[in-house]
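Taken together, the values in this text are just the output of simple stated rules run on the coordinates, not laboratory data. Predicted model, so just to flag it, every value in this text is computed and none were measured. Neighbour counts run over all protein chains shown; Cβ positions are idealised from the backbone, glycine included.
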Amino acid sequence: MAQILGGITTSHIPAVGNAIANKAFEDPYWKPFFDGYPPIHKWLAANKPDVVINIYNDHGLGFFLDKMPTFAIGAAHEYRNEDEGWGIPKLDPFPGDAKISWHIIEEMVAAEFDITSCQELAVDHGFVVPMQLFWPGAPHNADMPRAIPISANTVQHPIPTLKRALDFGKALRKAILSYPADIKVVVLGTGGLSHQLDGERAGFINKEFDRMCMDKIV
């Protein structure tokens, strides 16, 4: 049976992708950020997951405001990134695992979640940046597991309620653990907390709220 090794969370802002592309790891601005990742690299290297479930939100590359699914799951053999206008370099494809994807999709639908299944899906910085942070050099890191992207709508209202998102996570756990093969899975939760990309509160970060959220996650 499948085993869930654990869950990891991280920011996925596109500026990180540019910092990685420019090898700015020792830059005084970026060094404190990148210095937090080696312990996770060590843990991943020791545990060697076979599959990574990467939960993110699409930013208009795979979907847009005219068609924004609440929950979408990739069911492709590979996933390609594209430049979203931030100048992020185009990378080679990230290998997927369509067989496991379809198992998860079928189990989620059986749990009464209406899933958009994507046999083709362009992935943006929300997916790519975490993969590069946790597996440096991705997609050319030999230890990088096969990836399954899951996009949750946080862009176009109405968005799923917190209860619905929690129930989704519980159902996803059951779906993963019901997979019959002996595989090891790690789950990524990616994105920001108290940030707004536009409007009068753009750039404002509520540190107290963010720390409360992270404490609750832990």
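Within region 1-111, considering only helices (runs of 4 or more DSSP H) that don't extend past its boundaries, which have at least 1 residues that are of a type in the set (Val, Ile, Thr) and surrounded by fewer than 18 Cβ atoms within 10 Å (Cβ to Cβ)?
38-47, 98-110
Could you count how many residues in region 140-164 are surrounded by fewer than 19 Cβ atoms within 10 Å (Cβ to Cβ), within 30 Å of Ala45 (Cα to Cα) and not charged (D, E, K, R)?
Qualifying residue count for the region: 3.
With the checklist (1) surrounded by fewer than 15 Cβ atoms within 10 Å (Cβ to Cβ); (2) touching a Gly at 6+ places or on another chain (Cβ under 6 Å) in hand, flag the one item Lys174 doesn't pass.
The failed condition is (2).
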